[in-house]
Amino acid sequence: MHLRNHLTVATIVERGGKFLCVWEKPSNKLVFNQPAGHVEPGENVIDAAVRETLEETGVAVKLDSFLGFYKSISDTSQVAYYRLVFVGKFIKTIPNFEIDPDIKKVEWLTLPEINDPKNTPRSQITRKSFNDYQMKPNYPLTMFTDE
């Protein structure tokens, strides 16, 4: 088996006890996720997380910490996704922002809604990272450098 690696970023944004989520339909099934996406070649991972959050939700955020590093291997494509999960603060919603067409809906969900078995996550690391946010420490962004 030959795996291909993809570096991705995701952002957890909490506001009023709810979390910023997106609904996608990657395989003809509606699933929820954090705002997330691929890091472009040469792009700083912090910049990538801010960019992906804006592109997928129309929400501007400021990252303030790092939650963790997660790995998921797709059963179908044999791609290993390495995900850096950041924690951000809501700044504002950009009016009339044209979000990524792959996003079907942007919604603020409570943790019980995230953990509800009726709501299917994009991957198991989606749900796990939301729960880790409640239980694990966050780390300073100074651990990332482009040097």
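The values are calculated or read from the model by the stated rules, or taken from the named source; none is laboratory data. Remember, predicted model here, so these are calculated numbers, not experimental data. Cβ placement follows ideal geometry from the backbone for every residue including glycine, while neighbour counts extend to all protein chains displayed.
In table form, for the structure just shown:
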read-out	value
Residues that are hydroxyl-bearing (Ser, Thr, Tyr) and part of a strand (DSSP E or B), drawn from segment 70-83	Tyr70, Ser72, Tyr81, Tyr82
Selection count, segment 45-73, where residues are farther than 24 Å from Asn96 by Cα and either at pLDDT 95 or above or small (Gly, Ala, Ser) (or both)	10
Residues of segment 25-37 satisfying the condition of being in contact with a Phe, Trp or Tyr (Cβ under 9 Å, 6 or more places away or on another chain), closer than 20 Å to Tyr70 by Cα and not polar (S, T, N, Q)	Val31, Phe32
Verdict on Phe90 being within 13 Å of the chain's Cα centre (by Cα), on the phi < 0 side of the Ramachandran plot and in contact (Cβ under 8 Å) with a residue 60 or more places away in the chain	no
Some residue of segment 116-127 being touching a strand residue (DSSP E or B) at 6+ places or on another chain (Cβ under 9 Å), closer than 18 Å to Arg15 by Cα, in a loop (DSSP other than H, G, I, E, B) and touching a residue at least 40 places away in the same chain (Cβ under 8 Å)	no
Every residue from segment 51-64 that is buried (at least 18 other Cβ atoms within 10 Å of the Cβ) and either assigned to a strand (DSSP E or B) or in contact with a Lys or Arg (Cβ under 8 Å, 6 or more places away or on another chain) (or both)	Val59, Val61, Leu63
Residue check, Glu113 more than 18 Å from Thr8 (Cβ to Cβ), surrounded by 10 or more Cβ atoms within 10 Å (Cβ to Cβ), modelled with pLDDT of 95 or more and not polar (S, T, N, Q)	yes
Exclusive hit being in a loop (DSSP other than H, G, I, E, B), hydrophobic (A, V, I, L, M, F, W, C) and surrounded by 12 or more Cβ atoms within 10 Å (Cβ to Cβ), set Phe97, Phe86, Phe130, Phe90	Phe97
Considering residues of segment 21-50 that are in contact with a strand residue (DSSP E or B) (Cβ under 8 Å, 6 or more places away or on another chain) and of a type in the set (D, E, K, R) only, the residue surrounded by the fewest Cβ atoms within 10 Å (Cβ to Cβ)	Lys25
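Matching residues to (1) within 25 Å of Asn138 (Cβ to Cβ); (2) over 15 Å from the mean Cα position of the chain (by Cα):
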site	(1), (2)
Leu7	yes, no
Glu24	no, no
Lys62	yes, no
Tyr81	yes, no
Glu98	no, yes
Val106	yes, no
